[in-house]
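Read the structure below first, then the notes.
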Amino acid sequence: MKARGDAWREAAAWALAGAPFLTVGIAYTVWLAAALGCGIALRARRDGAAFWRQPTAVPAVVLMAWLALSALWSPAPLATIASYLGHYSLVLALPLLGAALPVLIARSALQRFVVAAGLVATLLLLDHAGALPPSPLLQTTVDAEGNQRIAMSMLLGLGAAIGLWQATQAGAPAPRLGWLALAVLITLGLSLQSRRTGFIVLPLVLVAWGLASQAGWRRLGVVGAVVACSALAWMGSDNVRARFAEGVAELRQYESVDTVTTSWGQRLRMIEVTVAMVRERPLSGYGVGSWQPLWQQRTTPGTLLHGHTTPHNEYLLQAQQAGVPAVLLLAWLIAAAAAAALRAGPRGMPSLMVWTALATVGTFNVVLRDAKFALPLLMLAACSAAAQRDRPTGPGEA
């Protein structure tokens with residue numbers, strides 16, 4: 001019986017760790033199954049209050065309620081409104097998993113997430129060497145495109161950072177070196193990926209970790225070390241330098257017209273038009289799901305810009321849909337999770353890293369609206385929240 005329980009915990013940990021790197025359909029299945037299982041567990045323990053004790057519970061529920069209320073004045077079709085609310089409702093499972101996911105499974109899932117990131121990095125290295133044959137199984141990793149590729153870059157950055165944290169938690173030299181080697185491997189794979197996101201996320205989460213875990217002048221030392229390592233990575237990776245140089249060139253060439261075709265240029269145009277919408281209705285917004293129909297009214301049909309479905313910025317999207325109150329509620333959610341991570345001490349550092357990544361990537365992608373970002377980030381946030389609990393909540397946990 002004990003062996004069967006161990007096998008179940010191992011399978012659950014691998015499912016939570018591997019799902020972020022797989023298809024959205026698989027990630028949805030794992031997320032909903034975990035939420036259902038945790039809901040049943042809380043009901044069996046008759047401890048529904050554990051949900052509300054999670055620091056993310058109240059802000060998540062209030063944010064969801066305000067977005068749902070904004071549907072009353074949204075011009076979007078009912079199907080679009082339902083789709084948006086369905087995506088946002090994923091956040092309600094976050095405190096559920098944080099309260100009821102077994103601590104052993106959560107901590108094991110974080111470890112296996114680093115291993116999974118190492119496997120993806122290995123695939124990237126093999127592909128760079130020309131030793132990887134084409135396969136449809138690689139469509140969410142090596143051959144990922146668009147937002148899936150950006151999300152993969154973000155996950156590799158988080159994998160490297162959490163791997164370094166795991167090294168600090170190892171009690172013996174051998175596992176410590178193993179985690180360090182994995183972190184280096186993931187960083188190498190990240191340097192070969194043609195997206196900038198991971199190299200923005202990685203130094204920022206390391207700085208957040210260093211500032212939270214050190215005191216006094218040592219904080220400056222951590223920041224200096226991260227800056228130095230980032231500079232070395234910058235000098236050592238032609239791919240990274242080329243991608244950032246490309247972005248800077250796009251900004252310099254930007255013209256405020258709908259015919260802009262560059263990646264960063266289109267983002268600037270989306271910011272301009274969306275900010276204008278927010279100024280028109282700063283308190284109420286235009287309602288959930290309203291961005292795309294209004295965007296299509298305000299941009300030129302037939303242009304690349306016209307085809308976008310989001311403003312590529314979570315804070316702007318929230319403000320456009322439900323006004324400044326929605327942005328404040330989202331900030332409350334992030335701040336509540338970060339504060340809980342800081343209170344948890346060393347156990348809370350993975351959670352701090354995940355929420356730092358979410359807050360950062362939210363400035364240039366819709367991290368709650370787009371499931372390619374939302375599901376991996378919420379899954380890691382839930383595992384981190386459960387892993388930082390200081391005592392078990394279920395029978396048989398240690």
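Points worth noting:
- Values of log10 I(q)/I(0), in the order q = 0.13, 0.14 Å⁻¹, for the chain under a Debye, Cα-only, solvent-free model: -1.16, -1.33
- Proximity of backbone amide H atoms, modeled 1.01 Å from N, is registered between Q193 and no other residue at under 5 Å, excluding neighbours fewer than 5 places apart on the same chain.
- Cβ-Cβ FRET estimate between V275 and L137, R0 fixed at 30 Å, reported to 0.05: 0.10
- Net charge of Cβ neighbours under 14 Å - reference L358; Lys, Arg +1; Asp, Glu -1: 0
- Taking label points 7 Å from Cα along the Cα-to-Cβ direction, A335 and L69 give a separation of 1.9 nm.
- The shape of the stretch 1-117 can be summarised by an equivalent ellipsoid whose semi-axes, obtained from the alpha carbon gyration tensor, come to 30, 18, 11 Å from longest to shortest.
- Ordering of 106-112, 166-172, 151-157, 325-331 by burial proxy (mean other Cβ atoms within 10 Å per residue, highest first): 151-157, 106-112, 325-331, 166-172
- Take 37-44, 16-23 and order them by the average number of nearby Cβ atoms within 10 Å per residue, most first; the result is 16-23, 37-44.
- Net charge, Q139 excluded, C-beta distance under 12 Å - Lys, Arg +1, Asp, Glu -1: -1
- Local net charge near G348, Cβ-Cβ under 12 Å (Lys/Arg +1, Asp/Glu -1): +2
Read the figures in this text as sums done on the coordinates, not as results from a lab. Quantities reported herein were computed from a predicted structural model and do not represent experimental measurements. Note that each Cβ is placed from the backbone with ideal geometry, even for glycine, and that neighbours are counted across all protein chains shown.
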